[in-house]
1. Report yes if Ala266 is among the small types (Gly, Ala, Ser) and out of contact with any Gly (no Cβ under 9 Å at 6 or more places or on another chain), otherwise no.
2. Given the criteria open to solvent by 20 Å² or more (accessible area, probe 1.4 Å), within 12 Å of Asp10 (Cα to Cα) and either of a type in the set (Asp, Glu) or out of contact with any Asp or Glu (no Cβ under 7 Å at 6 or more places or on another chain) (or both), does Ala57 qualify?
3. Would you pick out the residues in the range 206-232 that are out of contact with any helix residue (DSSP H, G or I) (no Cβ under 8 Å at 6 or more places or on another chain) and at pLDDT below 95?
4. Give the residues of the range 277-330 that are surrounded by 15 or more Cβ atoms within 10 Å (Cβ to Cβ) and among the hydroxyl-bearing types (Ser, Thr, Tyr), sorted by residue number.
5. Regarding Val272, is this residue open to solvent by less than 30 Å² (accessible area, probe 1.4 Å) and touching a Gly at 6+ places or on another chain (Cβ under 7 Å)?
6. Of the residues in the range 1-45, how many are within 27 Å of Ile76 (Cβ to Cβ) and either in a strand (DSSP E or B) or among the aromatic types (Phe, Trp, Tyr) (or both)?
7. Got a number for residues in the range 283-319 being of a type in the set (Ser, Thr, Tyr) and in contact (Cβ under 8 Å) with a residue 60 or more places away in the chain?
8. Which pairs do you get when a residue that is touching a residue at least 24 places away in the same chain (Cβ under 8 Å), found in the range 30-42, comes within reach of a residue that is open to solvent by less than 100 Å² (accessible area, probe 1.4 Å), reach meaning Cβ atoms under 6 angstrom, with the pair 6+ apart or on two chains?
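The values are calculated or read from the model by the stated rules, or taken from the named source; none is laboratory data. Quick caveat, the model's predicted, so the values are computed rather than measured. Here the Cβ positions follow ideal geometry from the backbone for every residue, glycine too, while neighbour counts run over all protein chains shown. What goes into the accessible areas is simple: the full protein's heavy atoms, side chains included, and nothing from ligands, DNA or RNA. Shrake-Rupley method; radii C 1.70, N 1.55, O 1.52, S 1.80 Å.
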Amino acid sequence: MKYDFIAIGDVVTDAFIRLLPESAELQDGVEKKLCFLFGEKVPFENSRVIPAVGNSANAAVAASRLGLSTAFVTNIGDDRAGEETIERLKIENVVTDYVISQKGKVTNYHYVLWYQDDRTILIKHEAYEYHLPALEEPRWIYFSSVGAGALRYHDEVVAYLQAHPNVKLAFQPGTFQIKQGAKGLADVYKHSEIIMCNREEAQAILGIQNPDIATLAKSMHTLGPKIVIITDGVKGAYASQGDTIWFMRNYPDPKPPYERTGAGDAFSSTLVVALALGKSLEEALMWAPINSMSVVQYVGAQEGLLRKSALERYLASAPKDYKPTVFAKI
């Protein structure tokens, strides 16, 4: 079988803990802080465990729901959380042939402190042995967050791309990958068709403190990608193919966001799926915010991911000004 889309990256089980409004407080400053008293018993409203999530897993589910033949490359432990991961992926029609269970390891498990409509995540990436399996050649590879012990893994991905020049790479760098900077993962950026990150991540990758979008986009292009996507939260997103930067507003929320986990993953993966379906960049920019809007109406990163027919209905009923506009020429 030849796949349209293969996602590569770590998978996680998220345990959501919804804090009561009175159990904590937000302190404003340069950075917001979620605060409660040290040593106290903190009441919570409810909890919910969601398997098979994480940047790449979310992208795989988004691609499958939007109609692409999809597989997922990841590592899990030989535990119940790993079994639940495979069960969940199969329900989503994501091929699990490349999901590797490592004996004696545990599956990544994160705790999500959910307060109001946002979250703080307690994370731990297990120390897996990363090796790229022999892949059936896809049209697109979507590569995202892996653990700190996976530096050589990136070389294997690059070697695969060199051996399969028709495969397009979409790179959404995760925390460890961003910390490597542009030089640390130079070959990955060089072989990328598209790079997706937020404004702050772009500055960290480039090692500059210039928040100007045009400067960031132009500098990201020098690393090698043909398309650069820079998101800016509730303010919208920007996309460049090298000469023109487009701005895309967010899709109007039908009601206030319920929980924001996965909004960025939904945007990035949906944009890549639209490109894989033959859409132009401008059309893809109109698809991506719709899935983000839907995801934040639910708990977790996947429940709100849309099928293609539902996404197209939202697109058909969009406001007249819901379209990309030229932000700058570079």
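1. For Ala266, the condition - among the small types (Gly, Ala, Ser) and out of contact with any Gly (no Cβ under 9 Å at 6 or more places or on another chain) - is not met.
2. Criteria not met by Ala57.
3. Asp212
4. Those that are surrounded by 15 or more Cβ atoms within 10 Å (Cβ to Cβ) and among the hydroxyl-bearing types (Ser, Thr, Tyr): Ser292, Ser294, Tyr298, Tyr314, Tyr322.
5. Taking the combined requirement at face value, the residue does not satisfy it.
6. The number of residues fulfilling the criteria is 12.
7. Of the residues in the range 283-319, 1 are of a type in the set (Ser, Thr, Tyr) and in contact (Cβ under 8 Å) with a residue 60 or more places away in the chain.
8. Every condition considered, the pairs that remain are Leu34/Ala24; Leu34/Tyr115; Leu34/Thr120.
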